[in-house]
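The values are calculated or read from the model by the stated rules, or taken from the named source; none is laboratory data. Since the model is a prediction, treat every value here as computed from it, not as a measurement. So basically every Cβ, Gly included, is an ideal-geometry build from the backbone, and we count neighbours across all protein chains shown.
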Amino acid sequence: MLASPSAPSALASFFALALVCTGASGCGPSGACPAYPHTLPSAALDAHREAREVTRVVRAEARVDTRGTEGRVRGTVMMFLERPDRVRFDVLTQFGAAAILTSDGERFQLSDIRENRYLEGPTCPSNIARLLGVSLEGSEVARFLMGDTPRLDPAEASMACEGDGYTVTLRAPDGRRQELAFLVPTADRNAPPAEQRLRLTRSELFDTTGHTVWRVRYDDYRVVRDGDSRVELPFVVHFEDERHDADTLVRFQDIALNVEVPEGAFSQTPTPGLTSEFVACDP
């Protein structure tokens, strides 16, 4: 059993670190782990989830760079995100809106002004990919852009103290695996586990053969004010969808939290002149 954070003995702190670092995974460079490490994956995951749950709505402006099968697209995107699965993306150019994607979690609409098309159908990864390039559920996109991640329901969970933080590995009963990497800021290295900020830096899902399904990296954490509260959010989020050879890099310029959502923000009707088309989900 680890010594409690209040234990005065330096020897007790050493044994606490040694217990967590025992095993093949190790702890990376000497002194890199927090003085009082998390030992239970569930505790670390719960702490991160609770810190993320205060973010219910995001209104943001971002520069987005998307590469997919149809080439590379860059632009400014205004977005509204509301947990758990409502999203809106307005792609802007110097001439005005180029495309608008909306989803209320069930129904998807995409106004592609450049191609004079209006697409609608169910919300699913293949339809979300029509604008964002990567094949993800609307709920997954919302969580990723809020500095969070969907998680496997694991049959087994393990955690290692590596480098400047932790890596949590989740293994599902069907053989899939997920890795979540958390950085502990230098200022929190001597804090007890309950007071350590956990910055998610990578979430990666592997299929049953060990190949990456998707990978999301988070960087450039900054403090965003929400009234009297201060929330840390990543200002860079990078999606990689290896199955479809696509990736999307999002660099936030401005983020506002828990603002009022305009009525009808997550749906739209065809703009006159656009050709309407129903699009089903890929099998």
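Results, tabulated for the structure shown:
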| read-out | value |
| --- | --- |
| Residue match in region 158-170 (condition: aliphatic (A, V, I, L, M), crowded, with 16+ Cβ neighbours inside 10 Å, closer than 29 Å to Val259 by Cα and in contact with a Lys or Arg (Cβ under 8 Å, 6 or more places away or on another chain)) | no |
| Qualifying position, being in contact (Cβ under 8 Å) with a residue 12 or more places away in the chain and touching a helix residue (DSSP H, G or I) at 6+ places or on another chain (Cβ under 6 Å), among Leu205, Leu198, Leu249, Leu274 | Leu198 |
| Qualifying residue in region 115-123 (condition: of a type in the set (D, E, K, R), over 19 Å from Val57 (Cα atoms) and touching a Ser or Thr at 6+ places or on another chain (Cβ under 6 Å)) | yes |
| Any hit, region 199-208, residues being at pLDDT below 95 and not aliphatic (A, V, I, L, M) | no |
| Matching residues in region 247-283 - criterion: being among the aliphatic types (A, V, I, L, M) and touching a Ser or Thr at 6+ places or on another chain (Cβ under 7 Å) | Leu257, Leu274 |
| Residue list for region 264-278, restricted to those being in a loop (DSSP other than H, G, I, E, B) and either hydrophobic (A, V, I, L, M, F, W, C) or outside the structural domain of Met78 (by TED's automatic domain parsing) (or both) | Ala265, Phe266, Leu274 |
| Odd one out for Tyr36 among (1) closer than 30 Å to Asn190 by Cα; (2) in contact with a strand residue (DSSP E or B) (Cβ under 6 Å, 6 or more places away or on another chain); (3) of a type in the set (Ser, Thr, Tyr) | (2) |
| Filter result for Val261 (among the β-branched types (Val, Ile, Thr) and either in contact (Cβ under 8 Å) with a residue 12 or more places away in the chain or surrounded by 12 or more Cβ atoms within 10 Å (Cβ to Cβ) (or both)) | yes |
| Candidates Asp247, Asp282, filtered to the one that is among the charged types (D, E, K, R), under 23 Å from the mean Cα position of the chain (by Cα) and either part of a loop (DSSP other than H, G, I, E, B) or buried (at least 17 other Cβ atoms within 10 Å of the Cβ) (or both) | Asp247 |
| Residue in region 209-226 that is part of a loop (DSSP other than H, G, I, E, B), under 17 Å from Val168 (Cα atoms) and in contact (Cβ under 8 Å) with a residue 12 or more places away in the chain present | yes |
